[in-house]
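S.K.: Handing you a structure now.
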Amino acid sequence: MEKERETLQAWKERVGQELDRVMAFWLEHSHDREHGGFFTCLGRDGRVYDDLKYVWLQGRQVWMYCRLYRKLERFHRPELLDAAKAGGEFLLRHARVAPPEKKCAFVLTRDGRPVKVQRSIFSECFYTMAMNELWRVTAEARYQSEAVDMMDQIVHWVREDPSGLGRPQLPGAVASESMAVPMMLLCLVEQLGEEDEELAGRYAQLGHWCARRILQHVQRDGQAVLENVSEDGEELSGCLGRHQNPGHALEAGWFLLRHSSRSGDAKLRAHVIDTFLLLPFRSGWDADHGGLFYFQDADGLCPTQLEWAMKLWWPHSEAMIAFLMGYSESGDPALLRLFYQVAEYTFRQFRDPEYGEWFGYLNREGKVALTIKGGPFKGEWEIRQGFRGSERSAAPGPPNPPSCLCAGCFHVPRCLAMCEEMLSALLSRLA
């Protein structure tokens with residue numbers, strides 16, 4: 001027991017120190033003090049190499065600053081709150097393409113003019129998260145009004161009528177559902193319902209619907225988690241149907257663990273640990289070089305994405321959260337060992353000891369492939385995440401762009417902050 005406590009304490013200190021280093025990087029290099037919002041295309045040393053602003057990343061950084069300000073005492077600092085408010089006001093002024101319509105841009109110029117729109121819900125989702133967190137730290141009702149209004153619009157697009165997203169319904173397009181959509185909605189249900197009984201009740205059934213839709217992605221008699229399934233929860237043919245992303249399945253796993261905890265559903269918790277944590281890890285961990293493969297093919301065929309064997313920062317961040325949460329919820333020591341395994345690899349390979357923050361893109365052997373700390377693109381798998389089957393045919397932009405998320409102030413600090421909180425709670429239990 002004492003050895004376990006010492007190991008947990010050492011990791012708590014290590015994670016907390018790394019969170020401080022990561023946030024120092026963004027606080028020093030990313031603030032646009034002229035126009036508001038954040039620079040997110042940053043080189044290894046923090047220099048801005050492109051001043052376009054991605055609404056996903058603007059919303060995420062506002063959310064992250066507010067969350068840290070609210071949850072961790074050492075981040076309860078005026079500079080975080082002021083920057084979050086400036087970012088939120090930038091979004092309020094510029095994110096919507098044609099107010100009062102709700103559709104948000106994907107890319108803006110530095111001063112807020114729209115450059116590109118995605119035919120999906122994700123810009124609006126991160127806008128909603130940002131506004132809700134701003135309300136929580138400022139108590140200004142206008143932010144919460146924005147969050148709830150946008151949430152209702154997102155639910156309308158997903159469950160009733162997607163025409164406002166601007167996608168043509170093409171006759172040859174496969175009617176499919178990506179796991180990203182119910183995952184994102186479940187995240188919003190938790191976000192808006194936190195310590196808010198009225199909204200928690202309002203969105204309770206939506207949360208159960210989201211969980212059921214995510215669980216439909218467990219296919220092949222429980223032996224595979226697939227990124228895309230048919231609208232009625234059946235496996236699809238071809239590369240689209242066989243596509244797997246181990247890191248995304250692990251992220252879905254901890255979303256579902258939180259849902260099972262709120263619902264008091266121990267049976268669901270056990271199922272999620274088996275299928276969304278252990279299964280993707282067993283198939284996705286590279287036995288030769290360590291780390292999680294980015295993409296896989298469920299039949300063991302060669303994935304079609306050029307970067308399938310790369311090791312990216314965000315799947316490892318999500319795996320750290322998932323295994324530590326799984327252990328916290330179940331007490332299974334095997335999950336704690338997996339947390340240590342992933343965390344050791346992640347800290348050894350991704351963190352930049354010279355300039356701070358983490359490298360995002362490693363080759364299969366674990367060597368740095370890209371030195372940027374923030375990237376200017378989202379890639380095919382994420383740009384094209386949608387529902388009702390038309391996104392793959394209708395997505396704008398060049399064919400087959402790199403399948404990588406753009407980095408920003410989100411996955412790494414969210415992982416570190418959540419792990420620090422969970423490690424603190426575990427240590428309190430052992431005290």
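S.K.: Of the residues Gly300, Gly284, which is within 21 Å of the chain's Cα centre (by Cα) and farther than 30 Å from Leu206 by Cα?
M.R.: Going through Gly300, Gly284 in turn, just one is within 21 Å of the chain's Cα centre (by Cα) and farther than 30 Å from Leu206 by Cα: Gly284.
S.K.: For the subset of region 281-337 comprising residues that are outside any loop (DSSP other than H, G, I, E, B) and among the acidic types (Asp, Glu), which member is nearest to Ser237 (Cα to Cα)?
M.R.: Top of the filtered list is Asp297.
S.K.: Return the total of residues in region 168-183 being open to solvent by 20 Å² or more (accessible area, probe 1.4 Å) and within 23 Å of His248 (Cβ to Cβ).
M.R.: Looking only at that region, the number is 3.
S.K.: Right, something else. May I ask you to list the residues in region 184-214 that are under 13 Å from Phe255 (Cα atoms) and open to solvent by 50 Å² or more (accessible area, probe 1.4 Å)?
M.R.: Hits for region 184-214 are His208, Arg212.
S.K.: Turning to a different aspect of this structure: Go through region 334-344 residue by residue and tally those that are exposed (fewer than 15 other Cβ atoms within 10 Å of the Cβ) and either within 19 Å of Ala252 (Cα to Cα) or among the acidic types (Asp, Glu) (or both).
M.R.: 1
S.K.: What pairs come up if the first residue lies in region 44-58 and is over 19 Å from Trp358 (Cα atoms) and among the basic types (Lys, Arg), the second is modelled with pLDDT of 95 or more and open to solvent by less than 70 Å² (accessible area, probe 1.4 Å), and their beta carbons are under 6 Å apart, counting only those six or more places apart or on different chains?
M.R.: The qualifying pairs are Lys53/Gly37; Lys53/Leu108.
S.K.: Checking Met131 against (1) over 18 Å from Glu198 (Cβ atoms); (2) open to solvent by less than 30 Å² (accessible area, probe 1.4 Å), which test does it fail?
M.R.: With respect to (1) over 18 Å from Glu198 (Cβ atoms); (2) open to solvent by less than 30 Å² (accessible area, probe 1.4 Å), Met131 is out only on (1).
S.K.: Could you check how many residues of region 345-354 are buried (at least 16 other Cβ atoms within 10 Å of the Cβ) and not in a strand (DSSP E or B)?
M.R.: 6
S.K.: If you don't mind, another one. Only one residue in Arg21, Arg5 is among the basic types (Lys, Arg), open to solvent by 10 Å² or more (accessible area, probe 1.4 Å) and under 24 Å from the mean Cα position of the chain (by Cα). Which one?
M.R.: Among Arg21, Arg5, only Arg21 is among the basic types (Lys, Arg), open to solvent by 10 Å² or more (accessible area, probe 1.4 Å) and under 24 Å from the mean Cα position of the chain (by Cα).
S.K.: Let me spell it out: the conditions are (1) touching a residue at least 60 places away in the same chain (Cβ under 8 Å); (2) farther than 21 Å from Pro168 by Cβ, and Gln118 meets all of them except one. Which number is the exception?
M.R.: Going through (1) touching a residue at least 60 places away in the same chain (Cβ under 8 Å); (2) farther than 21 Å from Pro168 by Cβ one by one, Gln118 breaks only (2).
S.K.: Still on this model: Exactly one of (1) at pLDDT 95 or above; (2) of a type outside the set (D, E, K, R); (3) surrounded by fewer than 17 Cβ atoms within 10 Å (Cβ to Cβ) is unmet by Pro376. Its number?
M.R.: (1)
The rows are residues; the columns are (1) under 24 Å from Asp299 (Cα atoms); (2) not hydroxyl-bearing (Ser, Thr, Tyr).
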{"site": "Met183", "(1), (2)": "no, yes"}
{"site": "Tyr203", "(1), (2)": "no, no"}
{"site": "Val225", "(1), (2)": "yes, yes"}
{"site": "Ser230", "(1), (2)": "yes, no"}
{"site": "Leu236", "(1), (2)": "yes, yes"}
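S.K.: Shifting gears a bit: Would you check if Asp196 is more than 21 Å from the chain's Cα centre (by Cα) and under 23 Å from Tyr54 (Cα atoms)?
M.R.: It is false that Asp196 is more than 21 Å from the chain's Cα centre (by Cα) and under 23 Å from Tyr54 (Cα atoms).
S.K.: Just to check your reading of the model, which residue among Gly291, Gly331, Gly241 is surrounded by fewer than 21 Cβ atoms within 10 Å (Cβ to Cβ), over 30 Å from Ala200 (Cβ atoms) and at pLDDT 95 or above?
M.R.: None of the other options fit; the residue is Gly241.
S.K.: Go through region 153-172 and give me each residue that's in contact with a Lys or Arg (Cβ under 7 Å, 6 or more places away or on another chain) and under 26 Å from Val218 (Cβ atoms).
M.R.: The answer is Pro162, and nothing else.
Okay, residues lined up against (1) of a type outside the set (Lys, Arg); (2) within 13 Å of Val55 (Cα to Cα); (3) open to solvent by 60 Å² or more (accessible area, probe 1.4 Å):
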{"residue": "Val107", "(1), (2), (3)": "yes, yes, no"}
{"residue": "Pro114", "(1), (2), (3)": "yes, yes, yes"}
{"residue": "Phe122", "(1), (2), (3)": "yes, yes, no"}
{"residue": "Trp135", "(1), (2), (3)": "yes, no, yes"}
{"residue": "Ala141", "(1), (2), (3)": "yes, no, yes"}
{"residue": "Gln144", "(1), (2), (3)": "yes, no, no"}
{"residue": "Met151", "(1), (2), (3)": "yes, no, no"}
{"residue": "Pro162", "(1), (2), (3)": "yes, no, no"}
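The values are calculated or read from the model by the stated rules, or taken from the named source; none is laboratory data. Please read these numbers as outputs of a predicted model, since none were measured by experiment. Virtual Cβ from ideal backbone geometry, glycine too; neighbours counted across all protein chains shown. Please note that ligands, DNA and RNA were not included when accessible areas were found on the heavy atoms of the full protein model with its side chains. Shrake-Rupley method; radii C 1.70, N 1.55, O 1.52, S 1.80 Å.
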